[in-house]
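See below for the structure under consideration.
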Amino acid sequence: MSEQTYMGVPRKEIPWSPEIDYAKCDLCGSDPQCLRFCPHDVFSIEGDPKKLIVKNPENCVVFCRSCRKVCTPDALGFPSKQKVLRIIKSKRGF
Ligand code: SF4
Ligand code: SF4
């Protein structure tokens, strides 16, 4: 299987994925909307007590922030797009 890339850069070298603010995340009661919403198997619920984690950060679509809109307490953050673009460009050598 070929390595996943974005703009010619290996996906694993691109630091783009959701960050969970645990002070705000309440697991939506017990029905995590972000996990239900995202089709890319990025999130998982693990542990006891249960906790949302970003299990597969490289599955997150680069520059997607869509799950943010389903998170009522605004517990999902993302890196700076400009900063990540700079990283991508530097890895491409321009
Ligand atoms: S949608 Fe927000 S509050 Fe709900 S589980 Fe996801 S991060 Fe937590
Ligand atoms: S930003 Fe998009 S791809 Fe990434 S976890 Fe959220 S919905 Fe999924």
**Request:** Report, by residue number, each residue of segment 32-80 that is among the basic types (Lys, Arg) and farther than 9 Å from PRO18 by Cβ.
**Result:** ARG36, LYS50, LYS51, LYS55, LYS69
**Selection within segment 1-50 - within 17 Å of THR72 (Cα to Cα) and not in a loop (DSSP other than H, G, I, E, B)** = GLU19, ILE20, GLN33, CYS34, LEU35, ARG36, PHE37, PHE43
**Prompt:** Does any residue of segment 68-78 turn out to be modelled with pLDDT of 95 or more, in a loop (DSSP other than H, G, I, E, B) and touching a strand residue (DSSP E or B) at 6+ places or on another chain (Cβ under 8 Å)?
**Reply:** yes
**Request:** Go through segment 23-56 and count every residue that is surrounded by fewer than 16 Cβ atoms within 10 Å (Cβ to Cβ) and under 22 Å from GLU3 (Cα atoms).
**Result:** 5
**Request:** Quick one: GLU19 ticks every box in (1) acidic (Asp, Glu); (2) within 12 Å of ligand 2 (Cβ to nearest atom); (3) over 15 Å from the mean Cα position of the chain (by Cα) except a single one, so which number is it?
**Result:** (3)
**Request:** Can you give me the number of residues within segment 59-78 that are surrounded by fewer than 16 Cβ atoms within 10 Å (Cβ to Cβ), under 23 Å from ILE14 (Cα atoms) and either touching a helix residue (DSSP H, G or I) at 6+ places or on another chain (Cβ under 6 Å) or hydrophobic (A, V, I, L, M, F, W, C) (or both)?
**Result:** 3
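Specify which of the listed residues (ASP21, ASP31, ASP48, ASP41) is free of Cβ contacts under 8 Å to residues at least 60 places away in the same chain and touching a helix residue (DSSP H, G or I) at 6+ places or on another chain (Cβ under 7 Å).
Working: ASP21 fails: touching a helix residue (DSSP H, G or I) at 6+ places or on another chain (Cβ under 7 Å); ASP31 fails: touching a helix residue (DSSP H, G or I) at 6+ places or on another chain (Cβ under 7 Å); ASP48 fails: touching a helix residue (DSSP H, G or I) at 6+ places or on another chain (Cβ under 7 Å).
Testing whether each residue is free of Cβ contacts under 8 Å to residues at least 60 places away in the same chain and touching a helix residue (DSSP H, G or I) at 6+ places or on another chain (Cβ under 7 Å) leaves just ASP41.
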**Message:** Can you list residue pairs whose Cβ atoms sit under 7 Å apart, with the first residue in segment 52-75 being at positive phi and the second being among the aromatic types (Phe, Trp, Tyr) and not in a helix (DSSP H, G or I)? Count only pairs 6 or more apart in sequence or on different chains.
**Reply:** PHE63/TRP16
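The values are calculated or read from the model by the stated rules, or taken from the named source; none is laboratory data. Quantities reported herein were computed from a predicted structural model and do not represent experimental measurements. Here the Cβ is made from the backbone with ideal geometry for all residues, glycine too, and neighbour counts use every protein chain on show.
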